[in-house]
1. Can you tell me which of (1) modelled with pLDDT of 90 or more; (2) in contact with a Pro (Cβ under 8 Å, 6 or more places away or on another chain) is the one Met73 doesn't meet?
2. Name, by its number, the condition in (1) in contact with an Asp or Glu (Cβ under 9 Å, 6 or more places away or on another chain); (2) in a strand (DSSP E or B); (3) modelled with pLDDT of 85 or more that does not hold for Ile40.
3. If you check Leu89 against the conditions, is it modelled with pLDDT under 95, surrounded by 13 or more Cβ atoms within 10 Å (Cβ to Cβ), within 17 Å of Leu49 (Cβ to Cβ) and out of contact with any Gly (no Cβ under 9 Å at 6 or more places or on another chain)?
Amino acid sequence: MDTQQAGFFIEATSHCRDGKLPRWSFWVRGTGGSTRQGMIGTDEKGFGLYLYTNGDTSPGGRRLLMTPDSVSMPDSMSRLEANALAAKLLHRLGWGLPREHDTQTFAKFELRAIG
C-alpha cells in the first residue's frame, strides 16, 4: 500500500528490544488529509496498537487502538514489513479518510514537533 495515497505516511520507525519502550513505534504524518502528526506503536512486547500521547512512552501515556490479541509485531520483522503492517492497520482504523469521516479521535491526542 502506498501510504501517501492513503492520506498519511510513516516518517520514522523505531525498534526497541529491551522491553522498556514500545517494541515498534512509528511517527505518522498527514492523517485525514491534514498536517497532523503523532506516534503509534505496539506495547513493550510487540503486541497491540496504541496511540502514544504527549511524547510519553509509558503505559499511562497511550491509548489503545487495537487489542494485544489482534496485533503482533515480532522482532523478526524487518522495518519494511513493520511499516507495511502499520499502514495496513491504520487504514483499517480509518486513518487517511477525510477528517469528518475519521472514526478515531486523533485530534485529541495530537503531538507537535517542537523545534
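1. The failed condition is (2).
2. If we test Ile40 against (1) in contact with an Asp or Glu (Cβ under 9 Å, 6 or more places away or on another chain); (2) in a strand (DSSP E or B); (3) modelled with pLDDT of 85 or more, just (1) comes out false.
3. When the stated conditions are applied, Leu89 passes them.
The values are calculated or read from the model by the stated rules, or taken from the named source; none is laboratory data. Values in this document were obtained by computation on a predicted structure and should not be read as measured data. Positions of Cβ are generated from backbone atoms using ideal geometry, with glycine treated the same way; all protein chains shown enter the neighbour counts.
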